[in-house]
Amino acid sequence: MKKLIGLFAAAVIAAPMFVGCGGPANVKVETEIDSLNYAFGFLNGYGMREYTLRNDSVNVGEKAALLAKGFDESFKKMEEKEFVANEAIRFGALFHQDVMNGFLMGDSTAKINEALIEKTIFDYLEGKPVPMTDGEAQSYFMKNMSFGAPKPATRPAGQIDSLNIAVAVANASSIHRYILKGDSTGKYITDFKAGYEKGKKLAGEENAPYLEGLRFGSSMFGQISGAQGIMNKAELPYNLDIVKSAVLDGINHADNALMTNEEAEAYFQGKITEIQEAEAKEKSAEGEAFLKENATKEGVVTTESGLQYKVVRMGDGAKPTATDKVKVNYEGRLIDGTVFDSSYERKEPATFGLNQVIKGWTEGIQLMPVGSKFTFYIPYTLGYGERGAGQDIPPYATLIFDVELLEIVK
């Protein structure tokens, strides 16, 4: 399944380049931001169709229509009772499908007792006594299902009932926490029961695309409505009408779609690259300006490579070589002060070989006698370069490290 595309940190787009005007379902796609919204939605809709239908070639049009129907019904801001009913439909259908299959987790020695499970779930949700606590249910189920171990030929009736109760309590706990949001007043139990009964009637492979559409629409709406904007930039706001229309075009392989999947992929990824490159250049310029000014400050020394350092405390021990292993305490931060790593916070020094770290550290720590504390100012060329590292260190980042050399490890 393709993940939702677009929740990246990036900068403003450089130049306008949009796909045209008009569009299906009376949405207007007139600006570059509109085009990004359309490409984002189309890619997700197309990817959801591919994921849901996979290689299924039977009644594809009908199944795509069901997927689109579920998405259309759930891609919206829901009142609490609507959310409860929507999730209850999915739960009811999925649970009843399990009932139709006949066994707990496919184990033929543990037959599902639908009536017992339903009674336990609703007793739990209504605050009535149930035979197990959440923890007991989890423990009992894991212990007695014997995952990966040989299955018994038969199980005692009492154990089968207890397994059904354990499954019910575990599900009820999740329903209470994630669907009813911990509500203790019971105000949405009626809505949940109604959705659950509707879902039971939808159980079966023929309705699986519709149920997946319900999940997809609700999840996607929650994600993008809670984000700042495309690539998490407030200046690139989501247009929910365009996204919805584009998703439906992607699911349905609409003839009047404004882009093909290949065009949407190339367009969107091209814009991401363009944005990231612009941001990287900005970071590089910021770092260069910082280092230029920093070099004029008292006590700051600049080496031939461009590394800058300042002695905070000079020790009197030996200096390590490039192949030595050292033990250090350190804190790393960006030039805006953001701390991205700290052995002080972990309360544990770090040990590593000087030939295993970034060039700025390899060079700088060799300048330090054991017992010293230096501050290093490391240009991106001696740090993590044009790619950065993980989510915390962006491309072209200038880095600042406070480093204490504790010992040379023999």
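Here are some residues: E197, E212. Which one is charged (D, E, K, R), within 30 Å of G41 (Cβ to Cβ), in contact (Cβ under 8 Å) with a residue 60 or more places away in the chain and in a helix (DSSP H, G or I)?
Working: E197 fails: within 30 Å of G41 (Cβ to Cβ).
Exactly one residue qualifies, and that residue is E212.
Has segment 156-167 got any residue that is farther than 25 Å from K81 by Cβ and within 29 Å of the chain's Cα centre (by Cα)?
If we filter segment 156-167 for residues that are farther than 25 Å from K81 by Cβ, which is where we start, we get 156-167.
Filter again for within 29 Å of the chain's Cα centre (by Cα), leaving 167.
Checked against the condition, which is being farther than 25 Å from K81 by Cβ and within 29 Å of the chain's Cα centre (by Cα), segment 156-167 yields at least one hit.
Being more than 26 Å from T398 (Cβ to Cβ), touching a residue at least 12 places away in the same chain (Cβ under 8 Å) and surrounded by fewer than 15 Cβ atoms within 10 Å (Cβ to Cβ): is that true of A266 here? Lay out the reasoning, then the answer.
Values: more than 26 Å from T398 (Cβ to Cβ): yes; touching a residue at least 12 places away in the same chain (Cβ under 8 Å): no; surrounded by fewer than 15 Cβ atoms within 10 Å (Cβ to Cβ): yes.
When the stated conditions are applied, A266 does not pass them.
Of the residues T351, T381, T338, which single one is in the same structural domain as L307 (by TED's automatic domain parsing) and either modelled with pLDDT of 95 or more or over 23 Å from T398 (Cβ atoms) (or both)? Before the answer, list the steps.
Working: T381 fails: either modelled with pLDDT of 95 or more or over 23 Å from T398 (Cβ atoms) (or both); T338 fails: either modelled with pLDDT of 95 or more or over 23 Å from T398 (Cβ atoms) (or both).
The unique qualifying residue is T351.
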Check on V99, part of a helix (DSSP H, G or I), among the hydrophobic types (A, V, I, L, M, F, W, C) and in contact with a Gly (Cβ under 8 Å, 6 or more places away or on another chain): no
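Please tell me if V99 is under 16 Å from E118 (Cα atoms) and among the hydrophobic types (A, V, I, L, M, F, W, C).
yes
Any residue that is touching a Pro at 6+ places or on another chain (Cβ under 9 Å) and either part of a helix (DSSP H, G or I) or farther than 18 Å from G199 by Cα (or both) - is there at least one of those in segment 107-120? Show your work before the answer.
Looking only at segment 107-120, we keep the residues that are touching a Pro at 6+ places or on another chain (Cβ under 9 Å), and these are 109, 120.
Among the residues that remain, those that are also either part of a helix (DSSP H, G or I) or farther than 18 Å from G199 by Cα (or both) are: 109, 120.
Yes.
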Subset of segment 345-385 that is out of contact with any helix residue (DSSP H, G or I) (no Cβ under 7 Å at 6 or more places or on another chain) and closer than 18 Å to E282 by Cα - its residue that is surrounded by the fewest Cβ atoms within 10 Å (Cβ to Cβ): G385
Any hit, segment 165-173, residues being touching a strand residue (DSSP E or B) at 6+ places or on another chain (Cβ under 8 Å) and assigned by TED's automatic domain parsing to the domain that holds M132: no
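Quick one: which strands (runs of 3 or more DSSP E) lie wholly within segment 294-410 and hold at least 2 residues that are among the aliphatic types (A, V, I, L, M)? Show your work before the answer.
Values: elements: 300-302, 308-313, 325-334, 339-342, 350-353, 373-378, 399-409.
Strands (runs of 3 or more DSSP E) meeting the threshold: 300-302, 308-313, 325-334, 399-409.
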Within segment 95-140, tally of residues that are loosely packed, with under 15 Cβ neighbours inside 10 Å and of a type in the set (A, V, I, L, M): 3
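Restricting to segment 182-198, count the residues that are small (G, A, S), more than 31 Å from the chain's Cα centre (by Cα) and surrounded by fewer than 16 Cβ atoms within 10 Å (Cβ to Cβ). Talk me through it step by step, then tell me what you get.
Step one: filter segment 182-198 for residues small (G, A, S), giving 182, 184, 186, 194-195.
Those left that are additionally more than 31 Å from the chain's Cα centre (by Cα): 186, 194.
When the remaining residues are screened for being surrounded by fewer than 16 Cβ atoms within 10 Å (Cβ to Cβ), the result is 186.
Total meeting the criteria: 1.
Taking the conditions exactly as written (assigned to a loop (DSSP other than H, G, I, E, B) and within 28 Å of the chain's Cα centre (by Cα)), does Y267 satisfy them or not?
So Y267 fails the test.
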Single residue of segment 323-333 satisfying the filter (of a type outside the set (D, E, K, R) and at pLDDT 95 or above) that is surrounded by the fewest Cβ atoms within 10 Å (Cβ to Cβ): N329
Output for segment 216-239, where each listed residue is surrounded by fewer than 18 Cβ atoms within 10 Å (Cβ to Cβ) and in a helix (DSSP H, G or I): S219, G222, Q223, S225, N232
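The values are calculated or read from the model by the stated rules, or taken from the named source; none is laboratory data. If you're wondering where the values come from, they're calculated on a predicted model, not measured in any experiment. Virtual Cβ from ideal backbone geometry, glycine too; neighbours counted across all protein chains shown.
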